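The values are calculated or read from the model by the stated rules, or taken from the named source; none is laboratory data. Keep in mind it's a predicted model, so treat the numbers as computed, not measured. Neighbour counts are summed over all protein chains in view; Cβ atoms, including those assigned to glycine, are modelled from backbone coordinates with ideal geometry. In case anyone asks, the SASA skips ligands and DNA or RNA and just uses the protein heavy atoms, side chains included. Shrake-Rupley method; radii C 1.70, N 1.55, O 1.52, S 1.80 Å.
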Amino acid sequence: MWEGRVDDRCLYCDGFLEPQRFSREVEKKVNRELLKENDYLFIKPGDGLIIRWYKKSVNAFRWMAFYVQIAFFLFVTLLLVLLSLMVG
């Protein structure tokens, strides 16, 4: 019985109905876990509620600061380009 899920299996041979899709989904899940481990403060399963909240807040602040820096550099670059076009 195919329900359209990633882990649907054949009734007779117990093989995946869409093995490429299943392997792609597993690979995506592994990549997401690796990205979480590469965070500044990795959230461990044994962390308490307050520690988990603190780590999520610090990670969110870190990413926010990263994007603010990118926006600032784009603004300065745009400003320099506009000034150079006005002079010329």
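The table below lists the values:
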item	result
Restricting the range 15-54 to residues that are open to solvent by less than 100 Å² (accessible area, probe 1.4 Å), in contact (Cβ under 8 Å) with a residue 12 or more places away in the chain and not aliphatic (A, V, I, L, M), the residue that is farthest from PHE66 (Cα to Cα)	GLU18
Residue within the range 75-87 that is modelled with pLDDT under 90, part of a helix (DSSP H, G or I) and open to solvent by 80 Å² or more (accessible area, probe 1.4 Å) present	yes
Enumeration of residues in the range 14-56 that are under 16 Å from the mean Cα position of the chain (by Cα) and hydroxyl-bearing (Ser, Thr, Tyr)	TYR40
